[in-house]
Amino acid sequence: MRNTSAALLEFDALRDLLGRYVASPLGRAELERCAPSEDRAWVENSLAEVAEAIAYLEAAAKPQPAARGAAVRFRFDGLQDPAEALARLRIEGAALEPKQILALCELLDRASDIRSILLSVAPRFPKLAARAAAMGEFRALLKTLAGKILPDGTVADDASSELARLRREVERQRRLVQESLERFVRAHREDGVLQEEFITIRNERFVVPVVAGQKWRIEGVVHGASGTGHTLFVEPLETIELNNELVRLSEEEAREVHRILLEISSRLREHLEAIVRTVQILGELEWLFARAAFARDFGAVIPRFSPPEERRLRLRDARHPLLEDVLRRQRGHVVPFSLELDGGARVLLVSGPNSGGKTVTLKTVGLLALMAQAALPVTCAEAELPFFDQVLADFGDAQSIQESLSTFSAHMARIRSILEEATADSLVILDELGRATDPDEGGALGIAILEELRRTGCFTLASTHLAALKVYGATTPGVVNASMGFDEATLSPNYVLRVGAPGKSAGLDIAARLGLPPSLLDRARKALGTREQDMARFIRELHERLDEVSRLEAELRAERERLAARERELAERWQKREASKLAELERRVEAELERFREQAAQLLEELRQAGASEKKARQRIAHLESELREQVSAIPGMRTPEAAGTRGSLELREGVRVRLRDVREPARVRRLIGEDRLEVEAGLLRMQVSRDEILEVLPPVPAQASLPKGVSYEPPARDAESLREINVIGQHAEEAVEAVDKFLDSAVLASLSRVRIVHGHGMGVLRRAIAELLARHPHVERFYPAPPQEGGTGATIVELKE
């Protein structure tokens with residue numbers, strides 16, 4: 001971003017705050033590069049990654065089973081800056097120091113762990129996994145280097161077989177030297193040659209301390225003297241060869257160590273490009289999770305950017321992060337504010353009492369805009385901002401977060417610069433516009449400045465105490481007044497931002513609260529002009545009315561919520577009551593069915609004992625049970641348990657079998673007619689019925705066995721109604737019995753289960769003859785006089801066997 005006003009808006013102080021969440025030099029390097037950007041695509045992608053990191057930390061904070069794919073919070077502390085080691089690796093033939101190798105291996109090992117964890121959660125956190133996938137895979141390399149460098153920074157004995165052999169030789173030779181010197185010390189213990197009885201090292205050779213005056217008594221090489229000169233450190237002649245051999249072996253050991261370091265450095269150099277990329281990504285990941293941790297600690301959210309054609313600045317419950325941090329340490333809290341500006345109103349004029357929070361409000365908006373374009377979460381409950389090309393600010397007060405001294409000339413010079421640089425995509429923030437000069441002239445100048453910015457089309461926030469600007473805000477389209485709250489009871493600001501009305505400066509009231517003499521304040525009030533007093537009274541009355549409107553809105557909102565809650569409660573209560581009624585009905589029906597089964601079983605036993613046909617008795621019981629279920633299902637809102645389960649589990653569609661009310665045999669659905677009716681076929685009978693007449697949808701049945709080969713059957717060509725009823729009135733008994741017999745055969749072939757025989761009343765001859773036929777007919781289940789609506793005793797209803 002070209003102009004950010006970062007110093008005025010304290011962006012550097014915010015970086016210091018974010019530094020608490022960075023633990024390694026890698027993350028700190030990314031923190032130092034944090035700045036607002038003009039690249040919208042980069043900012044939006046970075047914010048999407050931060051959103052994923054926030055979700056990852058929230059998932060890691062919840063209890064979860066320890067398994068692959070679980071979110072695990074990892075740490076970045078303890079990582080060292082590998083810049084010097086990487087620079088040395090870029091030099092062909094250069095060897096790293098053992099501690100540099102150790103630190104680099106620890107970093108790559110940590111990177112491999114982080115990579116593995118993030119790749120395992122790729123389905124839930126794809127952006128984090130994409131970052132991890134770009135890191136190098138170093139498991140094989142680390143395995144070959146494991147254990148070669150010890151934690152103290154020395155090369156391990158088993159780094160090579162040659163090094164192990166040399167170190168064994170060095171240790172053996174060192175023991176020989178020490179044994180030789182110990183013999184020398186014992187030999188001269190009593191002759192006063194030795195200053196002290198111990199062995200030490202000078203110039204990497206073993207020596208003994210000898211009294212300076214006794215040197216002539218010992219053959220050897222002097223390697224140094226004490227600070228006083230009283231002691232000489234002498235290598236006896238008999239140990240010189242042994243020491244020479246020790247030095248030779250030590251030099252060979254050093255050459256082997258150097259060769260090993262060169263070999264390890266060469267292997268690391270082969271992966272230099274991947275290591276550099278991994279180090280970069282590791283720092284970016286630390287910075288990413290640092291921003292996520294800040295968001296969780298401060299309740300920050302990911303901001304949205306409004307489309308260029310519908311630019312909008314909307315903040316809900318915004319807070320200044322630096323002020324919140326200060327107040328937290330003092331066990332206080334920030335009063336949040338909300339505001340909204342759009343294409344129809346891009347200028348906000350904030351007025352109100354001194355020390356009421358105007359400057360902090362303006363600085364909060366500016367800092368949040370910078371944070372959003374630096375891909376940082378913003379301290380709001382919700383935030384939508386335009387994507388600004390620059391943030392231009394002028395603050396001249398010395399009362400808030402950053403102290404700054406300003407004169408009128410400096411103020412105007414800054415305003416001139418802002419007017420020259422502002423574009424339609426800029427955010428302009430002006431504190432105490434028109435200050436440090438005559439109020440009338442300052443007000444006129446402020447109006448002219450705001451008009452120029454309004455014509456430019458940029459979003460502008462300004463604070464003022466000047467009445468002329470307050471009137472301008474109330475009478476100019478596209479300009480919105482806002483005020484910082486003032487408690488009349490305590491004569492102190494309450495820091496609440498109210499959009500829609502100007503505020504009063506309340507200078508005299510605050511002066512009274514701060515202890516100025518009442519007599520002085522009385523003289524000041526008398527000196528106020530009538531216009532100023534009227535303006536103050538008007539603003540006070542306006543705020544009182546706004547308070548009343550706000551109170552009524554709150555009451556109305558509370559009443560709506562209460563009514564909505566009451567409505568939900570009544571609905572839940574009604575549902576519970578209906579469910580309880582239905583459950584009770586089903587319980588009672590099931591009880592009746594159970595009682596029916598018990599009675600049927602008892603009846604079956606009685607019939608068996610009486611010698612009746614068991615099959616016929618069971619068929620009779622099944623028929624009675626079916627009738628009982630149909631009667632139960634006819635109750636509004638009532639279904640038997642079996643019907644409820646069957647009807648709910650199968651779909652009503654063409655071709656399925658259904659059971660209809662008052663029709664015993666199953667029917668097949670031919671077609672659906674609209675939403676409420678359908679055409680069904682029962683045997684050769686076709687009819688249209690409503691969905692309410694369907695008792696249940698039957699499951700499909702296996703295909704019936706086909707007729708024997710060479711045998712075919714075609715139903716007689718009779719209309720469906722003639723198959724259900726026959727009229728034999730006027731026929732002789734023999735003719736009627738023969739006709740009824742053929743009629744029953746046709747009905748059975750048509751799969752009918754219920755037919756009607758009309759024989760009339762007369763003398764009852766036909767009725768008796770037909771009854772005798774029906775009593776012995778093999779296809780008749782039972783027969784009985786028709787109900788009154790179907791002919792009464794002048795007709796007989798016949799139920800056929802299935």
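Summary of computed values
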| item | result |
| --- | --- |
| Amide hydrogen neighbours beyond the local backbone of Glu382, cut-off 5 Å, H modeled | Arg316 |
| Pair-distance profile P(r), taking every C-alpha pair of segment 75-114, with 10 angstrom steps and integer % | 29, 51, 18, 1 |
| Over 26 Å (Cα to Cα) - which of Lys363/Lys470; Lys99/Lys143; Lys62/Lys143; Lys99/Lys127 fall in this group | Lys62/Lys143; Lys99/Lys127 |
| Difference of contour (0.36 nm per residue) and Cα-Cα distance, Arg653 to Thr228 | 141.5 nm |
| Cα-based shape type of segment 18-121, given that a ≥ b ≥ c are square roots of the gyration tensor eigenvalues and the cut on a/c is 1.5 | oblate |
| Under Karplus coefficients 6.51, -1.76 and 1.60, residue-wise ³J(HN,Hα) of segment 791-802 in Hz, glycine/proline x | x, x, 6, x, 8, 10, 8, 10, 9, 9, 6, 7 |
| Whole-Hz couplings from phi, Karplus 6.51/-1.76/1.60, listed for segment 8-17; x for Gly and Pro | 5, 8, 6, 5, 5, 5, 5, 4, 4, 4 |
| Accessible surface, segment 12-139, averaged per residue in Å² (probe 1.4 Å) | 50 |
| q = 0.19, 0.23 Å⁻¹, segment 133-255: log10 I(q)/I(0) [Debye, one scatterer per Cα] | -0.99, -1.23 |
| Rounded FRET efficiency, nearest 0.05, which uses the C-beta distance separating Glu58 from Arg597 and R0 of 60 Å | 0.55 |
| Span from the segment 1-67 Cα centroid across to the segment 297-338 one, whole angstrom | 16 |
| For segment 206-334: rounded, prolate or oblate by the Cα gyration tensor [a/c cutoff 1.5] | oblate |
| Length released on extending from Gln178 to Ala156, taking residue separation times 0.36 nm less the Cα-Cα span | 5.5 nm |
| Solution diffusion estimate, µm²/s, Stokes-Einstein, segment 311-358, Kirkwood Rh from C-alpha pairs, 25 °C, viscosity 0.890 mPa s | 194 |
| Mean-position separation - Cα centroids, segment 756-796 and segment 125-142, in angstrom | 90 |
| Gain in span if fully extended, Glu441 to Arg267, counting 0.36 nm per residue against the direct Cα distance | 55.1 nm |
| Mean Cβ count within 10 Å, highest first, over the residues of peptides 304-311, 93-100 | 93-100, 304-311 |
| D_trans [Stokes-Einstein, Kirkwood Rh over alpha-carbon pairs] for segment 63-214, 37 °C, 0.692 mPa s, µm² s⁻¹ | 159 |
| Listed peptides 748-759, 569-580, 383-394 by packing density, highest first (mean Cβ within 10 Å) | 383-394, 748-759, 569-580 |
| Under 5 Å, built H, 5+ apart or other chain: amide partners of Asn494 | Gly485, Phe486, Asp487 |
| In nm, spacing of pseudo-spin labels at Gln280 and Ala187 (7 Å Cα→C-beta vector) | 6.8 |
| Alpha-carbon Rg/Rh ratio, for segment 69-145, with Rh computed the Kirkwood way | 1.04 |
| R0 of 41 Å, Cβ-Cβ distance Gln789-Ala565: FRET efficiency to nearest 0.05 | 0.15 |
| Restricting segment 19-68 to trypsin sites (Lys or Arg not before Pro) in coil, as DSSP defines it, with at most 11 other Cβ within 10 Å | Arg33, Arg68 |
| Segment 233-308, accessible surface, carbon-and-sulfur percent (1.4 angstrom probe) | 54 |
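The values are calculated or read from the model by the stated rules, or taken from the named source; none is laboratory data. Keep in mind the model is a prediction, meaning the values are calculated, not measured. Note: ideal-geometry Cβ built from the backbone for every residue, glycine included; neighbour counts use all protein chains shown. Just the protein is used for accessible areas: all its heavy atoms, side chains included, with ligands, DNA and RNA removed. Shrake-Rupley method; radii C 1.70, N 1.55, O 1.52, S 1.80 Å.
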